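Structure first, then comments.
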Amino acid sequence: MAETHKPPEQFTLRLRRYDPESGEAPYWDEHTIELEPHRSVLEGILQAKAASDGSIGIRCSCRAAICGSCGVRINGEPGLACHTHLDHARAASPDGVIEVEPMGNMPVIKDLIVDMDAVHWKKVQRVTPWLIAKQPVPEREYLVPKESMVDITQSMACIQCGACVSDCLAMEVDPGFIGPAALAKAYRFVGDPRDDQQDIRLKDLAEDPQGIFDCTHCFKCVEACPKGVNPMGQIMRLRRIAIDDQKIVDQNNGERHEAAFASLIENNGILWEAELIPRSYGGNSWFGKFAPAAGKELVSSIPTAIRGLLRGKMTIPKILKPHKIPSQDLKAVQSIYERIESRPERYELNLYITGYDEQDETPVPVVATASGGGESSVAPETEGSAS
Amino acid sequence: MKVAYWPGCVSRGFTPELHGSMAKVAPLLDIELVELDRACCTGAGVIAEHNQELADTLNARTFALAQQVDGAELMMNICSTCQGAQSECQERLDANAEYRGHVNETLAAEGLTYETGLTNKNFLWLLVEEIGLDALRARVKRPLTNLKVGPFYGCYIVRPRDRLGIDAERPRDHYLHQVIDALGGTVIEYAGMRKCCGFPIITMNKEASLKQAGRHLGDAVDAEADCLVTPCPLCHLNLDLQQPIAEKVVGRSLDMPILHLPQLVGLALGLDPKELGLNRHVVRPTSVIDWSTSVVGAAA
């Protein structure tokens, strides 16, 4: 906290400027500002705007990391301008100049302001972001287990800043992907025991080719989020509930891929790649490769397989027969599968809720009125749907 | 140094040249590899997606086996995806004693126990942190003079930073840069070097998957890299094995050789390209690189 008493210093900001209506290309614009080092990048931008160029475009409101308005990229990384200290931003810059750009994956309206409506809000709308109440609606409030509400506090912590959308690598190549923010929002309702349509929501998100199975698992959204929402983790939970609780077999190979992967490890200990691909398309058995979808994929993969064979990356025996771990060890692995998969409920440890042993004194971050303390730190996972 | 060595599945499957080149390079760096051949797949995030406790228990079993290796200083892997999947499980196991006890109850059937404190490092981390860049530099016999190498980190070894222990003191997201430099090569930066290769969605959305691979390869071509180096065999599958298809998806010729990290190190330490399995790649580095006394990228 001694930091707060440091005297003002000069900082240089390099801002990305662009006005689509001007017909001119984007350009960089440097401003020197003077502020105490603990002050925010947003305050720096506002000083530059007030002192030297009133035309700088930046969206902001609360200045306290609550409203989510000032999402930008600082030195190439997404974040809130109001939540990034000037001295930290300068230290992270390779040349000591704090570089600020608009967020990615969304069109620029002006300078640092992106069109959230065109991308982010449209995607949030896509997931029906409201509770569809279970009937009959009780006369008084719904009574729900405390753990299940604690479970969704992580996705409720989202402030809709768009930082995760900005850096989503799946969206970069497939702009129609529903994306991390909207899917985290979807989990907020799928995980809510008062919601009546978890099954319909999950079926919709699993069958959409740009839904839960289009996430490329790159952790960009996990890093980007200033609130610890872990959108990718929420997407994985949606997949888990869709596949393992709702038994949804989707058209995107999501369920088949997961089932094939898990059972190939159970049967062999290590992965048998040549068998994973046909099963992911045709179904999780040795006969999967004879299904039409698998046949089509295998035919289209023939040139790749021939190249692999010619180079000695693949061999015919390796394609036809799995490599296995020693039989005693395989038995041990199989009994682990058996024990865990036969449990009536899955166990899931969410460190956002439970924290770390060493940090017991840290208060559990909870956004809603639910209290996070008290329950067992190893909580059985909330069931996705009661239907 | 002696390490409990987890090679992963793909290095013994469709990228055998990775496992092979690691075995050749290890003695030159005085690394004794004790292979964990009893351990099973890390699950690559897919088993964790299916059932978190199952993934945590299978990996705890591997950690417990590693802790039984006599005299091993740490556990080492040669696959970023393994590193990422293992680090995720280890984080949960280490964070919560009650949960660890619950997982160990399952392992008890085999007489195994996982105790916190296992160090698990990808070969890249081990090179920089245990062997050291100066020691590595001193062992170079055939410097990568003028070879323009683009680092391809992928995802699992650079994100999330906290879980993977990346900070100012341990800038693990810059280690490929440092290793290329120590081996005498020229680092080529390009937009896709820390982006996703697309492999995790290859069976779900092949077009988007290979568009990712193709774009990063194209960025590297535009930045005039001679080749890329990666610590991840799954990235290698999308970037090398699938490169001819990625070329079609992005509509441009790429012809970018992709080296596994131990191959790049082995070349500089004087090993023969064939010994390192460089002839096994779909995009043959042997056709674009001059191997004589120093490794030099092609002029054309």
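The values are calculated or read from the model by the stated rules, or taken from the named source; none is laboratory data. All of these numbers come straight from a predicted model, not from anything done at the bench. Cβ coordinates were reconstructed from backbone atoms using ideal geometry, including for glycine residues, and neighbour counts include every protein chain displayed.
Within region A:307-344, the set of residues being of a type in the set (Gly, Ala, Ser) and under 36 Å from the mean Cα position of the chain (by Cα) comprises A:Gly308, A:Ala332, A:Ser335, A:Ser342. Take the conditions (1) free of Cβ contacts under 8 Å to residues at least 40 places away in the same chain; (2) over 12 Å from A:Ala184 (Cα atoms); (3) in a helix (DSSP H, G or I); (4) not charged (D, E, K, R); A:Met236 misses just one of them, which is (2). One residue stands out in region B:10-44 among those that are without any contact (Cβ under 8 Å) to a residue 60 or more places away in the chain and within 13 Å of B:Cys79 (Cβ to Cβ): the one that is nearest to the chain's Cα centre (by Cα), namely B:His19.
Could you go through region A:142-165 and let me know if any residue there is crowded, with 23+ Cβ neighbours inside 10 Å and acidic (Asp, Glu). Checked region A:142-165: at least one residue is crowded, with 23+ Cβ neighbours inside 10 Å and acidic (Asp, Glu).
Name the residue that is farthest from the other protein chains (Cβ to nearest Cβ), counting only residues in region B:233-283 that are small (Gly, Ala, Ser) and outside any loop (DSSP other than H, G, I, E, B). Step by step, filter region B:233-283, then rank; the result is B:Ala268.
Among the residues of region B:145-158, write down those that are of a type in the set (A, V, I, L, M, F, W, C) and at pLDDT 95 or above.
Here is the first cut: in region B:145-158, the residues of a type in the set (A, V, I, L, M, F, W, C) are B:147, B:149, B:152, B:155, B:157-158.
The answer is B:Val149, B:Phe152, B:Cys155, B:Ile157, B:Val158.
If you go through region A:210-219 and keep only what is more than 7 Å from chain B (Cβ to nearest Cβ) and within 22 Å of B:Arg159 (Cβ to Cβ), you end up with A:Ile212, A:Cys215.
When region A:196-209 is limited to residues that are more than 15 Å from A:Met236 (Cβ to Cβ) and either part of a loop (DSSP other than H, G, I, E, B) or hydrophobic (A, V, I, L, M, F, W, C) (or both), the one that is nearest to the other protein chains (Cβ to nearest Cβ) turns out to be A:Pro209.
Taking region A:341-366 as the range and being acidic (Asp, Glu) and either in a loop (DSSP other than H, G, I, E, B) or at pLDDT below 90 (or both) as the test, the residues that pass are A:Glu345, A:Glu348, A:Asp357, A:Glu358, A:Asp360, A:Glu361. Within region B:34-55, the set of residues being outside any loop (DSSP other than H, G, I, E, B), touching a strand residue (DSSP E or B) at 6+ places or on another chain (Cβ under 9 Å) and surrounded by 19 or more Cβ atoms within 10 Å (Cβ to Cβ) comprises B:Gln52, B:Glu53.
Evaluated against (1) aromatic (Phe, Trp, Tyr); (2) within 12 Å of chain A (Cβ to nearest Cβ); (3) within 25 Å of A:Trp272 (Cα to Cα), B:Phe63 falls short on exactly one condition, (2). Restricting attention to region A:239-294, the residues that are at the interface with chain B (Cβ under 10 Å from one of its Cβ atoms) and either aliphatic (A, V, I, L, M) or out of contact with any helix residue (DSSP H, G or I) (no Cβ under 9 Å at 6 or more places or on another chain) (or both) total 11. Looking across region A:312-340, the residues that are surrounded by fewer than 19 Cβ atoms within 10 Å (Cβ to Cβ), in a helix (DSSP H, G or I), without any contact (Cβ under 8 Å) to a residue 40 or more places away in the chain and facing chain B (nearest Cβ under 7 Å) come down to A:Ser335, A:Arg339.
Looking only at strands (runs of 3 or more DSSP E) that lie completely in region A:56-140, which have at least 1 residues being small (Gly, Ala, Ser) and touching a strand residue (DSSP E or B) at 6+ places or on another chain (Cβ under 9 Å)?
It comes to A:71-74, A:77-80.
Taken together, the residues in region B:32-60 that are over 19 Å from B:Val10 (Cβ atoms) and more than 7 Å from every other protein chain (Cβ to nearest Cβ) amount to 4. Among the hydrophobic types (A, V, I, L, M, F, W, C), touching a residue at least 60 places away in the same chain (Cβ under 8 Å) and surrounded by 17 or more Cβ atoms within 10 Å (Cβ to Cβ), is that true of B:Ile180? Taking the combined requirement at face value, the residue satisfies it. Can you name the residue in region B:284-300 that is of a type in the set (Val, Ile, Thr) and part of a loop (DSSP other than H, G, I, E, B) and, of all such residues, is modelled with the lowest pLDDT? The selected residue is B:Val288. Would region B:7-23 turn up any residue that is surrounded by fewer than 24 Cβ atoms within 10 Å (Cβ to Cβ), closer than 18 Å to A:Leu330 by Cα and in contact with a Phe, Trp or Tyr (Cβ under 6 Å, 6 or more places away or on another chain)? The answer is no; no qualifying residue exists.
Scanning region A:289-304 turns up one or more residues that are under 26 Å from B:Leu18 (Cβ atoms), of a type in the set (Val, Ile, Thr), crowded, with 16+ Cβ neighbours inside 10 Å and free of Cβ contacts under 8 Å to residues at least 24 places away in the same chain.
Of all residues in region B:105-117, those that are in contact with an Asp or Glu (Cβ under 9 Å, 6 or more places away or on another chain) and of a type outside the set (Val, Ile, Thr) total 2. Scanning region B:1-20 for residues that are touching a strand residue (DSSP E or B) at 6+ places or on another chain (Cβ under 6 Å) and within 14 Å of chain A (Cβ to nearest Cβ) yields B:Trp6, B:Leu18.
Take B:Leu124 and tell me if it is in contact with a Pro (Cβ under 9 Å, 6 or more places away or on another chain) and among the aliphatic types (A, V, I, L, M). Quick ask: steps written out before the conclusion?
Working: in contact with a Pro (Cβ under 9 Å, 6 or more places away or on another chain): yes; among the aliphatic types (A, V, I, L, M): yes.
Against the criterion (in contact with a Pro (Cβ under 9 Å, 6 or more places away or on another chain) and among the aliphatic types (A, V, I, L, M)), B:Leu124 qualifies.
Across region A:200-240, which residue is farthest from B:Phe152 (Cα to Cα) among those that are surrounded by fewer than 24 Cβ atoms within 10 Å (Cβ to Cβ), more than 11 Å from the chain's Cα centre (by Cα) and of a type in the set (A, V, I, L, M, F, W, C)? Here the answer is A:Ile200.
When the criteria are applied in full, A:Gly44 fails the requirement of being assigned to a strand (DSSP E or B), small (Gly, Ala, Ser) and touching a residue at least 24 places away in the same chain (Cβ under 8 Å). Only one of the numbered conditions (1) within 10 Å of chain B (Cβ to nearest Cβ); (2) in a loop (DSSP other than H, G, I, E, B); (3) surrounded by fewer than 22 Cβ atoms within 10 Å (Cβ to Cβ) is not met by A:Pro193, and that is (1). Comparison of A:Ser166, A:Ser148 shows that the only residue that is more than 10 Å from every other protein chain (Cβ to nearest Cβ) and at pLDDT below 95 is A:Ser148. Would you mind finding the one in A:Glu255, A:Glu275 that is under 27 Å from the mean Cα position of the chain (by Cα), charged (D, E, K, R) and assigned to a helix (DSSP H, G or I)? That would be A:Glu255, the only listed residue that is under 27 Å from the mean Cα position of the chain (by Cα), charged (D, E, K, R) and assigned to a helix (DSSP H, G or I).
When the helices (runs of 4 or more DSSP H) confined to region B:66-144 are screened for residues that are away from chain A (no Cβ under 14 Å) and touching a helix residue (DSSP H, G or I) at 6+ places or on another chain (Cβ under 7 Å), those reaching at least 3 such residues are found at B:123-126, B:133-138.
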